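Read through the structure below, which is laid out as structure tokens, and then see the notes.
The values are calculated or read from the model by the stated rules, or taken from the named source; none is laboratory data. All figures in this text were calculated on a predicted structure; none of them were measured in a lab. Using ideal geometry, Cβ is built from the backbone for each residue, glycine included, and neighbour counts are taken over all protein chains shown. For accessibility, only protein heavy atoms count, side chains too; no ligands or nucleic acids. Shrake-Rupley method; radii C 1.70, N 1.55, O 1.52, S 1.80 Å.
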Amino acid sequence: MMANIMIPDVALVDNTEQRTPLVLVLDASGSMTGKPIDELNRGIRLLEEELKKDVIASKRVRLLIIQLGGMDECRIVQDWCDAMDFTAPVLEASGTTPMGQSVNLALREIESEKQRFKEAGIPYTRPWLFLMSDGEPTDLWQDAARNCRNAEADHKVAVFPIMVEGASAEVMGSFSNNGTHAVKMLNGLKFRELFLWLSASMQVVSQSTPGGLAQLPSTDSWANVPV
């Protein structure tokens with residue numbers, strides 16, 4: 001029996017720059033129908049444009065997008081790619097909010113990507129897990145929340161829970177060791193400002209040293225304190 005042979009990612013062979021992995025776990029359930037999903041899609045396109053404008057971030061930021069919705073389904077709508085090769089997907093709103101499945105998938109993908117970096121000799125900064133939702137989970141999410149907190153405690157991932165109106169600060173905070181203090185609430189539908197902040201943050205982090213500290217931009221343009 002032939003042993004399984006790992007085929008190297010061409011992007012990791014051609015581009016040996018350090019990487020900043022970013023996983024977006026985005027709620028596209030039925031409650032996002034209409035203006036919310038339209039604004040979210042505009043925000044993702046803006047993220048693409050802004051990262052591609054930055055010479056360093058375009059080579060170093062590595063993205064994966066997970067959409068949750070449908071009949072308790074989560075799926076990868078954009079597999080791992082460097083920002084220079086990223087094309088914003090168009091999300092369609094429908095169905096439920098399987099947040100637990102989606103976060104567990106994100107954590108598995110992060111560990112797999114880190115393994116690929118190690119095999120290719122690519123240095124990387126701590127991965128970001130960006131979790132955005134406007135509702136409460138419709139699956140068994142508590143184990144996933146614990147897995148996420150454990151990964152954060154072990155410095156395997158930085159978790160950013162973002163709640164849109166309709167979400168629960170307590171539930172979103174359960175995915176971070178900082179609880180509700182980690183949660184940011186989107187002010188109305190300011191997805192444009194949110195994704196401008198995210199792209200600016202990625203530009204800062206992508207230029208930092210692995211294991212070092214980075215001063216992120218202020219969230220005042222898009223975030224409220226959840227109550």
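Descriptive notes on the structure:
- Over the C-alpha atoms of region 178-223, the Rg to Rh ratio, Rh being the Kirkwood estimate, stands at 1.02.
- Sorting 133, 221 on solvent-accessible area from highest to lowest, probe radius 1.4 Å, gives 221, 133.
- The radius of gyration of the Cα set in region 100-227, together with its Dmax, comes out at 14.9, 45 angstrom.
- Folded to 0 to 90 degrees: helix 99-120 orientation relative to the chain principal axis, Cα: 20
- The chain, accessible area per residue, ligands and nucleic acids excluded (1.4 Å, Å²): 47
- P(r), alpha carbons of region 80-170 - 10 Å bins starting at zero, rounded %: 14, 42, 33, 10, 0
- Overall form of region 146-211 per C-alpha gyration tensor (a/c, 1.5; a/b vs b/c): oblate
- Length-normalised contact order of region 1-103 in % [C-alpha pairs under 8 Å, at least 6 apart]: 34
- What the phi angles of region 147-160 give under the Karplus curve with 6.51, -1.76 and 1.60, with θ = phi - 60°, is a coupling list of 4, 5, 4, 5, 5, 5, 4, 8, 6, 8, 7, 9, 9, 10 Hz, glycine and proline written as x.
- Only helical runs count toward this figure. For the chain, summing -39,500 (n - 2.57) over DSSP H runs of n ≥ 4 and dividing by all residues gives -11500 deg cm²/dmol at 222 nm.
- Label-to-label distance for residue 10 and residue 33 is 4.1 nm, based on points extended 7 Å past Cα in the beta-carbon direction.
- Only Lys, Arg (+1) and Asp, Glu (-1) charged, at Cβ; region 4-107 dipole about Cα centre in debye: 160
- Residue 42-residue 224 FRET efficiency (beta carbon distance; Förster radius 30 Å; 0.05 resolution): 0.90
- Shown for the chain: lysine pairs separated by 8 or more places, or found on different chains, whose C-alpha atoms are under 22 Å apart, numbering 10.
- Surface/4 of the Cα convex hull for region 1-81, nm²: 7.8
- The percentage of C-alpha pairs in the chain whose separation is greater than 23 Å is 45%.
- Apolar share of the accessible surface for the chain: 51 percent from carbon plus sulfur atoms, 1.4 Å probe.
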